Amino acid sequence: MTQYQAAGPNARLKVFALLEAQGVPAAEADVLVAAWAAGAVAGAQCEVVELDGMAPGSSNLVFADGWDEGVMAVSEALVGIADRDWSRRGGRSAGAAELAVYLADVRQRERADLVRLETFVGEAVLPRTHPHTTGRRRVLEALGEADGLCTARTVEMSSGDVILCTREAGHYNPDDLPGFKRGRSDGTPGGWHLAGGPIWSDVGAACSPHAAV
């Protein structure tokens, strides 16, 4: 239902804009859109009314009575909604303005929610990630702070997963060999690319070289 709640006002606002572009007076546009909205609710009310007396066959009498009472309650509520939508006609020429205010309020709340989410991720999630890991890179990407990271990538042959380097952009130095190339077992990456455990250079068959900075 959330997607319909978001799409509805946007669609109505676009209808107002199209009617205005065709030279339809604002007052008449209000009447048309109000009639359209009331008609949609009236159609739903007709479908609800058809459920009267349609309680599941295995239900007892008490349940059936409650079912019918519920149907009538919903039906009456829909009639009230249709009446409210229809009352919005009448040349007030406010439909588009009301929708614009509503959408502005929704977007403001969405921005506020996004700020709170970014703050939470930055303060609670990012500090818990380990340096040079894919998990940390993903958090930085979500925060829009991954521009300073290397763009090289490779493919994990056993799984087919694409792995992005997690080091800083411009770090690559093929002459600075990693530890295992020097006979060490400490896994130091030298100037090569790094993402968690994997270390690789640009010459690998499954690698996409880093972009120069």
Checklist entry - So, how do all the Cα-to-Cα distances of the range 99-181 break down into 10 Å bins, in percent, from 0 on up? => result 15, 31, 27, 16, 8, 3, 0
Next on the checklist: With every protein chain left in place and a probe of 1.4 Å, what is the accessible surface of W67, to the nearest 10 Å²?
Outcome noted: 80 Å²
Checklist entry - Quick one: if you stick a label point 7 Å off each Cα along the C-beta vector at A21 and D202, how many nm between them? => result 4.8 nm
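The values are calculated or read from the model by the stated rules, or taken from the named source; none is laboratory data. Everything numeric in this text was worked out from a predicted model, so none of it was measured. FYI the Cβ positions are ideal-geometry reconstructions off the backbone, even for glycines, and counts take in every protein chain you see. Ligands, DNA and RNA are stripped out before the accessible areas are found, and what is left, the full protein with its side chains, is counted by its heavy atoms. Shrake-Rupley method; radii C 1.70, N 1.55, O 1.52, S 1.80 Å.
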